[in-house]
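Trainee: I am attaching a structure below and will ask some questions about it afterwards.
Here, each number is a calculation from the coordinates, and none is a lab measurement. Fair warning: this is a prediction, and the values are worked out from it, not measured in the lab. Cβ coordinates were reconstructed from backbone atoms using ideal geometry, including for glycine residues, and neighbour counts include every protein chain displayed.
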Amino acid sequence: FTAYDKLVESKALEKIKTVGDAYMMAGNLLKKKSDCGAKAVVECGLEFLEILQSLNAGRASEFQLQQTTGVNTGNVVAGVLGYTSVAFDIWGDAVNIASRMESTGDAAAVQVSPSTWEYVKPYYEA
């Protein structure tokens with residue numbers, strides 16, 4: 001996930017966590033900037049796909065990596081968990097919807113919810 005981390009940082013987005021093969025990030029959570037919202041998150045997801053294409057170049061098909069991506073826009077609850085070993089996390093319907101979109105999504109595409117689509121549709125074709 002090092003390449004993903006560098007990309008997220010370059011776009012001033014926030015990496016939330018990795019769990020197994022899952023990567024969670026958010027925009028406009030801690031770093032409030034006009035260009036770090038839904039469009040930046042969708043662009044980052046598309047660039048993640050480009051990173052995977054580069055990693056897969058020259059690999060046998062049975063060893064190629066794939067990803068599914070779900071993006072949703074909405075309010076979240078954020079907090080720090082733990083006492084001796086702390087972790088930052090986010091919760092809420094917006095997170096749950098993005099998770100469901102990711103788990104049911106197509107590989108090699110970025111699935112966006114209707115709420116996210118309202119923000120990004122001027123930049124993309126349906």
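Trainee: So for the chain: antiparallel DSSP bridges make up what percent, rounded to the nearest 5?
Mentor: Values: 10 of 13 bridges.
The antiparallel proportion sits near 75 percent.
Trainee: At 7 Å along the Cα-to-beta-carbon direction for both residue 46 and residue 81, put a label point, then send me their distance in nm to one decimal.
Mentor: 3.3 nm
Trainee: How many nm is it between the label spots at residue 125 and residue 29, if each spot is 7 Å from the Cα in line with the beta carbon?
Mentor: Simple spin-label model gives 3.4 nm for this pair.
Trainee: Sticking with this structure for a sec: How would you rank 60-72, 78-90, highest first, on the average number of other Cβ atoms within 10 Å across their residues? Display every interim value, and only then the final one.
Mentor: Values: 60-72: 14.5, 78-90: 10.2.
So the order, starting with the most tightly packed, is 60-72, 78-90.
Trainee: Students often forget the sequence filter, so: which aspartates and glutamates lie under 15 Å Cα-Cα from residue 6 once same-chain residues fewer than 8 apart are removed?
Mentor: 14, 43, 47, 50
Trainee: Separate question: What stretch of the chain, leaving out the sites themselves, is the longest with no trypsin sites (Lys or Arg not before Pro) in a DSSP loop having at most 10 other Cβ atoms within 10 Å? Don't jump to the answer; show the numbers that get you there.
Mentor: Details: sites that count: 32, 59.
In the chain, the maximal stretch lacking such sites is 60-126.
Trainee: As an exercise, use a Förster radius of 22 Å and the Cβ-Cβ distance of residue 56 and residue 17 to find the FRET efficiency, rounded to the nearest 0.05. Walk me through the numbers on the way to the answer.
Mentor: Numbers: r = 25 Å, r/R0 = 1.11.
After rounding to 0.05, the efficiency reads 0.35.
Trainee: Considering the values (1) -0.74, -0.87, -1.07; (2) -0.86, -1.01, -1.17; (3) -0.72, -0.92, -1.24, which represents log10 I(q)/I(0) by the Debye sum over Cα atoms at q = 0.15, 0.17, 0.20 Å⁻¹ as calculated for the structure under consideration?
Mentor: The value matching this structure is (3).
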